[in-house]
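Here, each number is a calculation from the coordinates, and none is a lab measurement. Since we're looking at a predicted model, the values are computed, not measured. Note: ideal-geometry Cβ built from the backbone for every residue, glycine included; neighbour counts use all protein chains shown.
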Amino acid sequence: MATTITITGAGGQIGYALLFRIAAGDMLGPDEHVRLRLLEIPQGLRAAEGAALELQDGAFELLDDVEVTDDAEVGFDGANLALLVGARPRGPGMERGDLLAANGGIFGPQGRAIAAAAASDIRVTVVGNPANTNALIASSSADGVPAERFTALTRLDENRARAQLAQTLGAPVTLVRRVPIWGNHSATQFPDISHATIDGAPVAERLEAAVGDVRAWQEQTFIPRVAKRGAEIIEVRGSSSVASAASATIDHVRDWVHGSDDWTSAGVVSRGEYGVPEGLISSFPVRSSGGAWQIVEGLELDGWARARIDASVAELVDERETVRSLGLI
Ligand code: NAX
């Protein structure tokens, strides 16, 4: 049996970077056949159709079928996995409320289409920004689909944070673990090194030797660098993060489906863990087993970390209030 995967915004940049890696087996492994459903708006259909032609030309052994559509119910029909990448970007002069309203017009109907058409084991990953609140809107609109099946991507932020820490320590990134992202996928996010390990041991001593005042380094260097990495990529590359975002999406879904070997980060629904208001889709340290994310509980947080988490969560509360007042949830 093949896995049916719906990718929205498949004609866009991240879509283009994702499709070929999925078809090559990077996401679900070398034994899992896939069927791809590329969902676009009419303006994006030609680009998605072009990608579909190239997928054909890739002669991928694992790729059973590709369908391109602009009809959400067709696009989500029988989907086991949905990657919601297409979103409305912030236009000139657009306020945050306008942005949330425009995205509500996308993620509300997509949530309804998922509830109507997707397979009963559907798992949804929202990449399109503002990812956490878009996931909340989709989840709220998907009657009958458990809220745990809706997640927002914060793995790119975590990968960036691990890479920055590894570089600072002069160590390979694979040795650096447990650097969770808390809160919103936005500039308020909190990349947390307080439980980070290198080769299984706490990083504290090595980090102090490398940077001196660790708290000052976090405040002045590490956190701004991670939180503003998207802007740095735009400045250097002349275009937003694409391949790294696709790669993080692959990491997220692979771990969700096959299990994670350590903690990682994902925007998942809060049941009140760490005082995050219930129902918000907030990033937490998580691990995955049996095809479900679990929040890593019981971590000690000092006042400084707590304040950073609270500030990012306050932004999520604010976004929820806005979409509620707009009648989107
Ligand atoms: P592009 O503008 O290249 O592609 C977006 C595609 O979505 C377009 O082809 C468009 O036609 C399509 N689309 C728009 N509305 C749609 C709808 N209702 N249904 C289906 N398709 C629709 O953007 P790209 O660079 O691919 O980025 C996609 C999204 O990812 C953006 O919202 C971006 O902000 C977000 N990102 C999220 C990241 C994360 O870590 N969560 C990081 C990277 C990226 O910034």
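In percent, how large is the relative contact order of the stretch 155-320, given Cα pairs closer than 8 Å and 6 or more residues apart?
26 percent
Take every Cα pair under 8 Å in the stretch 3-152 that's 6+ residues apart, average their separations, divide by the length, and report that relative contact order as a whole percent. Mind dumping the intermediate values first?
Working: 285 pairs, mean separation 35.1, N = 150.
Relative contact order, the stretch 3-152: 23 percent.
Give the shape of the stretch 205-329 as rounded, prolate or oblate, defined through the alpha-carbon gyration tensor: a ≥ b ≥ c are the square roots of its eigenvalues, a/c under 1.5 means rounded, and otherwise the shape is prolate if a/b is larger than b/c and oblate if not. Don't jump to the answer; show the numbers that get you there.
Working: a/c = 1.24, a/b = 1.20, b/c = 1.03.
Since a/c stays below 1.5, the shape of the stretch 205-329 is classed as rounded.
From a point 7 Å beyond the Cα of I41 in the direction of its Cβ, which residues of the stretch 82-107 have a backbone N at a distance under 19 Å?
Within reach of a label on I41, which here means backbone N under 19 Å from a point 7 Å along Cα→Cβ, the stretch 82-107 contributes 83-107.
Going toward the positive end of the dipole of the chain, with +1 on Lys and Arg Cβ and -1 on Asp and Glu Cβ, which of L18, P191, V145 do you reach last?
Final value for the positive-end residue is P191.
Read phi for every residue in the stretch 117-129 and hand back ³J(HN,Hα) as whole Hz from Karplus 6.51 cos²θ - 1.76 cosθ + 1.60, θ = phi - 60°, with x for Gly and Pro.
So the Karplus estimates, Gly and Pro as x, are 10, 6, 5, 5, 9, 3, 10, 10, 10, 9, 9, x, 7 Hz.
Give the distance, in whole Å, between the Cα centre of the stretch 183-250 and the Cα centre of the stretch 302-329.
21 Å
Per-residue HN-Hα couplings for the stretch 202-215, Karplus 6.51 cos²θ - 1.76 cosθ + 1.60 at θ = phi - 60°, whole Hz, x for Gly and Pro?
Once θ is set to phi - 60°, the couplings for the stretch 202-215 become x, 7, 2, 5, 5, 5, 4, 4, 7, 10, x, 6, 5, 4 Hz.
For a label point 7 angstrom out from the Cα of A163 toward its Cβ, which stretches of the stretch 185-200 have the backbone nitrogen within less than 20 Å?
Counting only backbone N, you get 185-193, 196-199.
Can you give the longest run of the chain that contains no trypsin sites (Lys or Arg not before Pro) sitting in a DSSP loop with at most 16 other Cβ atoms inside 10 Å?
Answer - 91-227.
With θ taken as phi - 60° and the coefficients 6.51, -1.76 and 1.60, list the Karplus ³J(HN,Hα) couplings across the stretch 306-322 in order, rounded to whole Hz; mark glycine and proline as x.
4, 5, 5, 5, 4, 5, 6, 5, 4, 5, 5, 4, 4, 5, 5, 4, 4
Residues with amide H under 5 Å of E67's amide H, sequence separation 5 or more or different chain, H placed in the peptide plane at 1.01 Å from N; which?
So E67 has HN proximity to L36, R37, L38.
So how much slack lies between E49 and A119, counting 0.36 nm per residue of separation and subtracting their Cα-Cα distance, in nm?
Result: 22.8 nm gained on full extension.
What FRET efficiency, computed as 1/(1 + (r/R0)^6) with R0 = 45 Å and r the Cβ-Cβ distance, is obtained for A201 and R254, rounded to the nearest 0.05? Don't skip to the answer; put the middle values down first.
On the way: r = 26 Å, r/R0 = 0.59.
Once the sixth-power term is evaluated, E becomes 0.95.
How high is the relative contact order of the chain? Use alpha-carbon pairs under 8 Å, at least six apart in sequence, and give a whole percent.
Numbers: 637 pairs, mean separation 55.9, N = 329.
Relative contact order comes out at 17 percent.
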